[in-house]
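First comes the structure, then the notes that go with it.
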Amino acid sequence: MKLKAQIKGLMRFSYLSENGFAKSTQGMDAMREMLYDPARLSRRFKLFERLAFHTMSLQEDTDFTCAVLIGDSFPDKARAELEDIIRDFKPMQIVSLPPLVHIQAVKQAFNALPDDPSATHIATFRQDDDDAMHRSTTARIRAVADNLLQVRTDTKPFVIAFNRGLYLDPTSETPITEWYERAPLGIGLAMVTPKGDHATVFRRNHRNLMEYYDCYSEVARPMWIRSVHADNDSTAQPQGRAGALRPRGVRRVLADGFGLTPEMLDDL
């Protein structure tokens, strides 16, 4: 029997969960106030449109689904704006849930996506609402997953990671820099599991996945843009070595891989 992976993604958009944020210890009311602050949501929508949604809609392989996870208390005006942005992009759908323990919310969001009965495996990938992924990401996930499934003898889940990309920090003297990460970053990160195995790419902290699972990682080209800003929930610091891309190379990578120019990122 030919083994085949179905690709399912998850993007959390200011989802109000019981845990999962560095600031979750402040309590639900404080989290709700922080997440739904109008100024913060305005910033998130700008990042979402310019980076996350823009590059998701450019994917060369569109045979995937992606849940945009929001809370059931997400402001009506913001939900209408989100619906308007994604309306014509069929792979993406909104999943609204009440506050849950993070891992349970993740499972429900993935389960809400349609099932491909011909698939033998599920490749779950993650994407943040303020980052960008290379236009070939889902195509690479499919190619790597399907080919590794043919040669692996271990039936346990495995991980596909892209460890080379760009950091975008508007406050830096050099706003866009290239980095090679020593451990997987979350952008476009995927976990391939047999159908019926309920593990997903959110099973463990993305930086630690290689301690628990076989991991195939690529550094052939920059595959993501990680945005650094005041609203980052976690410390957005590279963990690896700097690359050698100069401004002309950065411009080429942005255009070819992400459909962007440095000027399009200036106001972020």
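The table below gives the values:
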| item | result |
| --- | --- |
| The range 54-81, residues that are over 27 Å from Arg32 (Cβ atoms) and either open to solvent by 30 Å² or more (accessible area, probe 1.4 Å) or at pLDDT below 95 (or both) | His54, Ser57, Leu58, Glu60, Thr62, Asp63 |
| Residue match in the range 125-136 (condition: free of Cβ contacts under 8 Å to residues at least 24 places away in the same chain and open to solvent by 10 Å² or more (accessible area, probe 1.4 Å)) | no |
| The listed residue being acidic (Asp, Glu) and touching a helix residue (DSSP H, G or I) at 6+ places or on another chain (Cβ under 7 Å), out of Asp84, Asp115, Asp76, Asp129 | Asp129 |
| Cβ-Cβ under 7 Å pairs, at least 6 apart or on other chains, the range 140-169 side acidic (Asp, Glu), far side open to solvent by less than 40 Å² (accessible area, probe 1.4 Å) | Asp146/Ala5; Asp169/Val228 |
| Tally of residues being surrounded by 15 or more Cβ atoms within 10 Å (Cβ to Cβ) and within 23 Å of Arg44 (Cα to Cα) across the range 249-263 | 4 |
| Selected residue (only one of Ile122, Ile160, Ile141, Ile103 is surrounded by 23 or more Cβ atoms within 10 Å (Cβ to Cβ) and assigned to a helix (DSSP H, G or I)) | Ile141 |
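Residues are listed down the side, and each one gets a yes or a no for (1) among the aliphatic types (A, V, I, L, M); (2) surrounded by 20 or more Cβ atoms within 10 Å (Cβ to Cβ); (3) farther than 16 Å from Ala123 by Cβ; (4) modelled with pLDDT of 95 or more:
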position	(1), (2), (3), (4)
Thr155	no, no, no, no
Gly165	no, yes, yes, yes
Asp169	no, no, yes, no
Val192	yes, yes, no, yes
Arg204	no, no, yes, no
Ala220	yes, no, yes, yes
Asp231	no, no, yes, no
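The values are calculated or read from the model by the stated rules, or taken from the named source; none is laboratory data. Please read all numbers here as calculations on a predicted model, not as lab measurements. So basically every Cβ, Gly included, is an ideal-geometry build from the backbone, and we count neighbours across all protein chains shown. The accessibility values were calculated without ligands, DNA or RNA, using every heavy atom of the protein model including side chains. Shrake-Rupley method; radii C 1.70, N 1.55, O 1.52, S 1.80 Å.
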